[in-house]
1. Does residue 231 satisfy the criteria of being crowded, with 20+ Cβ neighbours inside 10 Å, β-branched (Val, Ile, Thr) and not in a strand (DSSP E or B)?
2. Taking segment 28-59 as the region of interest, how many residues are open to solvent by less than 20 Å² (accessible area, probe 1.4 Å), over 16 Å from the mean Cα position of the chain (by Cα) and farther than 22 Å from residue 393 by Cα?
3. For segment 157-182, which residues satisfy the criterion of being of a type in the set (D, E, K, R) and in a helix (DSSP H, G or I)?
4. Please return the ranges of strands (runs of 3 or more DSSP E) entirely within segment 293-394 where 1 or more residues are within 15 Å of ligand 1 (Cβ to nearest atom) and at pLDDT below 95.
5. Would you be able to tell me the number of residues in segment 333-371 that are under 17 Å from residue 209 (Cβ atoms), in contact with an Asp or Glu (Cβ under 6 Å, 6 or more places away or on another chain) and open to solvent by 30 Å² or more (accessible area, probe 1.4 Å)?
6. So which residues in segment 91-103 are in contact (Cβ under 8 Å) with a residue 60 or more places away in the chain and away from ligand 2 (no atom under 12 Å from the Cβ), if there are any at all?
7. Pick from 100, 130: which is crowded, with 22+ Cβ neighbours inside 10 Å and within 17 Å of residue 355 (Cβ to Cβ)?
8. I need a count of the residues in segment 214-264 that are touching an Asp or Glu at 6+ places or on another chain (Cβ under 6 Å) and not charged (D, E, K, R).
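The values are calculated or read from the model by the stated rules, or taken from the named source; none is laboratory data. A quick note: this is a predicted structure, and the numbers were derived from the prediction, not measured. Cβ: placed from backbone, ideal geometry, glycine included. Neighbour counts: every protein chain shown. Note: areas computed on protein heavy atoms with side chains; ligands, DNA, RNA excluded. Shrake-Rupley method; radii C 1.70, N 1.55, O 1.52, S 1.80 Å.
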Amino acid sequence: MIDQVEENFRGMWRELLPVGRYEATGGYRRHAWTTADGECRAWFREQALKRGLTYEVDRNGNQWAWYGDPAAGDAIVTGSHLDSVPDGGAYDGPLGVVSAFAALDALRERGTATGGRPLAIVNFGDEEGARFGVACVGSRLMAGVLEPGHARALRDQDGVLLGDAMERAGHDPFAIGRDDDRLGRIGAYVELHVEQGRNLGDAPVGVASAIWPHGRWRFDFHGEANHAGTTRLEDRRDPMLAYAATVLNAREQARLAGALATFGKISVEPNGTNAIASRVTAWLDSRAADSDTLDMLVKEIIEQSGAEVTRESFTPVVEFDRPLRDRLAARLGGVPVLPTGAGHDAGILASAVPTAMLFVRNPTGVSHSPAEHAEEADCLAGVTALASVLEDLL
Ligand code: GLV
Ligand code: MN
Ligand code: MN
C-alpha cells in the first residue's frame with residue numbers, strides 16, 4: 001500500500017482513540033447523541049471536508065461523505081458506525097469508517113476512474129442501541145423497518161426520549177423515517193468490520209455470508225419489597241430468584257439448542273443491599289443459526305421464566321447478496337466466506353440494496369470489550385482489500 005495511505009490510516013486512528021474513552025476501564029462510551037458521539041461525528045465531518053467531499057447528514061441522522069455527484073445514482077457506499085456498546089473496544093465500528101476514508105485515499109492516489117459513479121462513506125447513527133435499547137436505529141429508520149413514532153418514544157435509563165436527545169444534538173426528530181430517495185441512489189453497500197470471533201484463522205481478511213437471526217427481549221420479574229433482616233424466607237416474594245433461575249435455564253436451553261442466550265443487562269428496584277427487590281428487569285439477547293431454533297429457544301426461556309416479556313427488537317436471518325459476495329471473494333483471491341452472530345447496519349440494508357461485508361481478523365476473538373484488538377498489519381490489509389473491492393465495483 002502507498003505509504004501516505006498508511007500514514008492517513010494511522011493518523012485517523014490516533015485522532016479517534018481518545019474520543020469517548022472511559023479512563024477507569026479503557027473502554028469506549030460513545031452512546032448515541034451524547035457528547036462523545038458528537039465528537040465522533042465532528043471528526044467524521046472534518047475528514048469529509050478536508051478531502052473536499054460533499055458532506056451531509058440524512059433525515060435519520062446518518063452522516064455521509066460523497067466523492068462524486070450524490071445525485072448521480074447507482075452509488076457504491078462503504079462505512080460503518082462510530083458509536084459503541086458500554087465500555088466497548090476501539091475497533092467495532094470505527095475500523096469500518098476509518099478504513100473507508102483510507103480506501104478512498106488509496107483510490108485517489110492511484111487515480112482510479114469512477115466512470116461518473118459516486119462513492120459515498122457513511123457513519124450510521126446509533127448502531128449498538130446501547131442507550132435506547134434498539135440496535136441499528138439509523139439504518140433501520142432509513143430502510144423503513146423502524147417506525148418513526150416508536151423510535152422517538154424510546155427512552156434511555158434516565159428516562160430521556162430518543163426524540164429529545166436527537167433534538168438537543170441539533171437533529172430534527174420529526175424528519176426521521178424511511179428514505180426511499182436515498183435508498184434509490186445506492187447501487188451497493190460494502191461494510192468492513194472487525195471480525196468478532198476467532199474465525200478467520202490464517203486469513204487477515206474474509207467475506208461475510210450471513211448474519212444469524214437475533215433479538216432483544218425485556219423480562220420484568222415482579223415481587224414485593226421487604227426487609228432483608230426480618231422477612232422469613234417463606235414470606236418473601238423475591239423476583240431475584242426467578243431471575244436467577246431464568247439465567248441458568250437460558251444458558252442450558254441455549255447449550256441444548258446449539259444457540260446463544262445472554263443476560264448482560266439488569267436493573268433492580270429498589271436496588272438496596274438490605275431490601276428484597278420489588279422488581280427485576282433483565283434483557284435477554286438471543287441468537288441462533290436459523291429462525292426456528294431461535295423461536296423455540298426464546299419461547300422455552302419465556303415460558304419457564306414467569307416474567308412479563310416484551311420483544312424490543314428483532315432482526316431476521318440475513319443472507320448477503322450472493323453475486324456480490326462471490327464477486328468480493330473472487331476479487332480477494334478466494335478468502336474465507338463465513339457467517340456471523342453479530343448484528344450490523346449491513347444486515348439492515350441488505351433488505352433494500354445489494355449488500356456485502358468484509359471482516360478483518362480478530363486474533364483473540366474478544367469484542368464488545370476494552371480488550372478488543374486487531375493487528376495494524378491486518379487493518380492495513382483490510383484497507384487494501386476494501387480499496388480493491390471498491391475499485392472493482394466502480
Ligand atoms: C452488534 O454489535 C450486535 O451484534 O449486538
Ligand atoms: Mn457491536
Ligand atoms: Mn459494529
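1. Judged against the criteria, residue 231 is not a match.
2. Residues flagged as open to solvent by less than 20 Å² (accessible area, probe 1.4 Å), over 16 Å from the mean Cα position of the chain (by Cα) and farther than 22 Å from residue 393 by Cα within segment 28-59 amount to 5.
3. 164, 167, 168, 180, 181, 182
4. Values: elements: 308-315, 337-340, 355-360.
Because the criterion is at least 1 residues that are within 15 Å of ligand 1 (Cβ to nearest atom) and at pLDDT below 95, the strands (runs of 3 or more DSSP E) in segment 293-394 that meet it are 308-315.
5. The number of residues fulfilling the criteria is 2.
6. Those that are in contact (Cβ under 8 Å) with a residue 60 or more places away in the chain and away from ligand 2 (no atom under 12 Å from the Cβ): 98, 99, 100, 101, 102, 103.
7. Numbers: 130 fails: within 17 Å of residue 355 (Cβ to Cβ).
Residue meeting the stated conditions: 100.
8. Taking segment 214-264 as the starting set, the residues that turn out to be touching an Asp or Glu at 6+ places or on another chain (Cβ under 6 Å) are 216, 218, 220, 223, 237, 253, 262.
Retained after the next criterion (residues that are not charged (D, E, K, R)): 223, 253, 262.
Of the residues in that region, 3 qualify.
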